[in-house]
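The values are calculated or read from the model by the stated rules, or taken from the named source; none is laboratory data. These numbers come from a predicted model, not from an experiment. As a convention, Cβ positions derive from the backbone with ideal geometry for all residues, glycine included, and neighbour counts pool all protein chains shown.
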Amino acid sequence: MNNRVSRILVVSLGLALFGGAAGFSVGFLVALAVLVSGPPGFDGYPTFAEVAAVGGGIGASVGTVLVPVIGGSLLRRVPIGQAVRQVSAWSLCAAVVGWVVRPPLAVPFAFVGLLWGSARLWRRFQGRDVAPRFSQPAV
């Protein structure tokens, strides 16, 4: 396999794994906050494992898909550490604002925060080169 293609696959896989982990944690916290803020259902509150499975599962699946797509398109020129910090912070803060406004709005606000943070970073690093090109190794 070509070295460039293998590098792209490794980076995409890493972004997908990170997106799954971050999506799981945000999805779990949002689901827990929404459930605790509302009245209990017919059988009371769901168990911890049910909240983790549903909220975390949905968050992980969304994160696994969205993070490599956004990372490969909008955030291609942004340093990875800065992208992780700022996009996660925007997403989490937007989810908190949505939860304060009305608990069911936490999930759409988290998605909007993800897009807003990505768009801000894309705008900030728009004119920069993707990465320094490596010359041929010295023989």
Residue that is closer than 16 Å to Gly117 by Cβ and at pLDDT below 85, where the choices are Val97, Val26:
Val26
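So that you can scan it fast, the table gives a plain yes or no per residue for (1) more than 24 Å from Arg124 (Cβ to Cβ); (2) in contact with a strand residue (DSSP E or B) (Cβ under 6 Å, 6 or more places away or on another chain); (3) without any contact (Cβ under 8 Å) to a residue 60 or more places away in the chain; (4) part of a loop (DSSP other than H, G, I, E, B):
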| position | (1), (2), (3), (4) |
| --- | --- |
| Leu13 | yes, no, yes, no |
| Ala16 | yes, no, yes, no |
| Gly20 | yes, no, yes, no |
| Glu50 | yes, no, yes, no |
| Gly55 | yes, no, yes, no |
| Ala60 | yes, no, yes, no |
| Thr64 | yes, no, yes, no |
| Pro68 | no, no, yes, no |
| Arg77 | no, no, yes, yes |
Might you check whether a residue that is surrounded by fewer than 21 Cβ atoms within 10 Å (Cβ to Cβ), under 29 Å from Arg7 (Cβ atoms) and of a type outside the set (Ser, Thr, Tyr) occurs anywhere in the range 94-109?
no
Here the residues within the range 81-93 that are surrounded by 20 or more Cβ atoms within 10 Å (Cβ to Cβ) and either of a type in the set (S, T, N, Q) or not in a helix (DSSP H, G or I) (or both) are Ser91
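Of all residues in the range 111-129, which are basic (Lys, Arg) and assigned to a helix (DSSP H, G or I)? Spell out how you get there, then give the answer.
Taking the range 111-129 and keeping what is basic (Lys, Arg), we get 120, 123-124, 128.
Within the range 111-129, Arg120, Arg123, Arg124 qualify.
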Evaluation of Leu13 against (1) surrounded by 11 or more Cβ atoms within 10 Å (Cβ to Cβ); (2) at pLDDT below 90 (one fails), failing number
(2)
Tally, over the range 22-39, of residues that are assigned to a loop (DSSP other than H, G, I, E, B) and surrounded by 11 or more Cβ atoms within 10 Å (Cβ to Cβ)
1
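Results for (1) more than 24 Å from Gly14 (Cα to Cα); (2) out of contact with any Phe, Trp or Tyr (no Cβ under 6 Å at 6 or more places or on another chain), shown as yes or no for each residue.
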site: Ala31; (1), (2): yes, yes
site: Gly59; (1), (2): no, no
site: Val78; (1), (2): no, no
site: Gln82; (1), (2): no, yes
site: Gln86; (1), (2): no, yes
site: Ser91; (1), (2): no, yes
